[in-house]
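Here it is: the structure, laid out below.
Here, each number is a calculation from the coordinates, and none is a lab measurement. Predicted model, so just to flag it, every value in this text is computed and none were measured. Note: ideal-geometry Cβ built from the backbone for every residue, glycine included; neighbour counts use all protein chains shown.
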Amino acid sequence: MQNSKDQLDDIFDNFLKRPKIFTDREVLRPDFIPNHLPHRDDQIHQIAKILAPVLDEERGSNIFIYGKTGTGKTAVVKYVLKRLISRGHEIGALIEDCYVNCRLVGTVYRVLLKLGESIDIKIPFTGLATSEVYDRFENALDNKGVLLLVVLDEIDALVKEYGDNLIYELTRVNETLNKGKVSIICISNDLLFKDLLDPRVISSLSEEEVVFRPYTAPELNDILFERADISFKDDVLTAGALNLCSALAAAEHGDARRALDLLRVAGELTERDGDAKVTEEHVRRAQKKIEEDRVVLVLKTLPIHSKLVLCSIYLMKRSKVKNAITGDVYEVYVELCNTLGLEFLTQRRISGLINELDITGILNARVVSLGRYGRTKKIRLAISNVVIKNVFSSDPWMNKIIDYVPKCLLNK
């Protein structure tokens, strides 16, 4: 019987002997910014014209960018900013940029931490009041005299969790600065995002809007063809595999990120199988694998209060509670917040988070009438307990409560 070392050697040897599929697989990653972005010339030119005044060290308008996931919003902004900052440095303009993915960064404090890092000021990872961090950032920006272009990607995730005060403060900062300046670019997948903002915030933004429509199947095909030409070796990618990736992604609202992921994973599965060509069968298998991985990724990147809501429903299911309704979920959620020492949100806000989790497909929430007692939601998980348990067990917050027995459920 082979020991594990011999088995690993066999795996590594087989990999080294495999048919070569990729020239550069990184080209198929969503964060790769190519030198050409097909079918986005209008948006590139529109954003570039709005931002061009910063080359004279004058603030351009703030920008709101909308569009579904995978429509090229982030890629276009990064592409334009790279060219803009490069030209600015050539002519000696004091302009810098700071890109923040608000969903990944998670809190207002950490957003300010990233803004501080972009202009070389050190802020402790924890321990300061948010107002103190903001003051340090503002003072440093003014002392350096920098015009900072702040990109807040997935800004809706931050606003839904913490409100719109950060945007308001960043829009008002220019009134107090003597030399430094700030321009804001907000990117959102939610076309109704502005409904979340206070009218004073909208007024102070004075923004311009750029909307990214979904890609069509032929447009996705063009994008994939350009990337595949760089990423794969000659004659390994079949036309059927390329067309199927485009068609599957177009059916999901024209998501280029989805199409690129499908193509990359199909190539990796081809490589692992030792096959010489990427076929439609590899794409079908890649689709199934990505679907499984997507659920795990969504769970990992949920905001803390959304995780607590989901954990509450999980614990209710584990405790054999039938027909979970909003009020009962909220009762468990409040107990979990108290257990972790976190401030809990209102029941109305939790009802909104349940709606958002319903939209992602993680749970099903159906509105039912209780007669004279009004209406509520009947809620059930749409994914298995095992998946939630596995993901939350490795989460530094959720692993403390994943096996918790809520006291409020003991008498139910």
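Which net charge results for the neighbourhood of Leu128, defined as the other residues with beta-carbon distances under 10 angstrom from its beta-carbon, given Lys and Arg at +1 and Asp and Glu at -1? Before the final figure, lay out the partial values.
Details: positive: Arg136; negative: Glu132, Asp135.
Result for the local shell: -1.
Let me ask something additional. If you average the sequence gap of Cα pairs under 8 Å that are 6 or more apart and divide by the length of the range 218-296, what percent do you get for the contact order? The partial results should precede the final answer.
On the way: 73 pairs, mean separation 26.0, N = 79.
Normalised by residue count, the contact order of the range 218-296 is 33 percent.
Right, something else. What residue among Arg264, Arg349, Arg59 shows peak mean-square fluctuation when the chain is described by a Gaussian network model with Cα springs under 10 Å?
Looking only at Arg264, Arg349, Arg59, the largest GNM fluctuation is found for Arg349.
Excluding residues fewer than 8 places away in the same chain, name every one of the aspartates and glutamates whose C-alpha is closer than 19 Å to that of Lys407.
Cα-Cα hits under 19 Å: Asp328, Glu331, Glu335, Glu343.
Can you put Ser319, Ser246, Ser231 in order, fewest other beta carbons within 10 Å first?
On the way: Ser319 13, Ser246 26, Ser231 23.
So the residues, fewest neighbours to most, are Ser319, Ser231, Ser246.
Give the peptides 378-391, 147-160 in descending order of average Cβ contacts within 10 Å, highest first.
147-160, 378-391
Run down the aspartates and glutamates and flag those whose C-alpha is under 15 Å from the C-alpha of Lys144, throwing out any fewer than 8 positions away in its chain.
Straight-line reach from Lys144, under 15 Å: Glu57, Glu96, Asp97, Glu117, Asp120, Asp135.
Moving on. As a quick test, which of the pairs Lys17/Lys233; Lys82/Lys181; Lys73/Lys194; Lys82/Lys179; Lys78/Lys289 have an alpha carbon distance above 26 angstrom in this structure?
Pairs exceeding 26 Å: Lys78/Lys289.
Just rank His39, His89, fewest to most, by other beta-carbon atoms within 10 angstrom. Intermediate results must be reported in sequence, preceding the final value.
On the way: His39 16, His89 12.
Ordered by Cβ neighbours within 10 Å, fewest first: His89, His39.
Where does the charge balance sit around His305 when Lys and Arg score +1, Asp and Glu -1, over other residues with C-beta under 10 Å from its C-beta?
Working: positive: Lys160, Lys307, Arg349; negative: Glu161, Glu343.
Net charge in that neighbourhood comes out at +1.
Stretched out fully, how many nm does the piece from Asp403 to Thr23 gain, at 0.36 nm a residue minus the Cα gap?
On the way: separation 380, 0.36 × 380 = 136.80 nm, distance 4.63 nm.
Residue separation times 0.36 nm, minus the Cα-Cα distance, leaves 132.2 nm.
So how do Phe232, Phe12 line up by other beta-carbon neighbours within 10 Å, fewest first?
On the way: Phe232 24, Phe12 10.
Going from least to most buried by this count: Phe12, Phe232.
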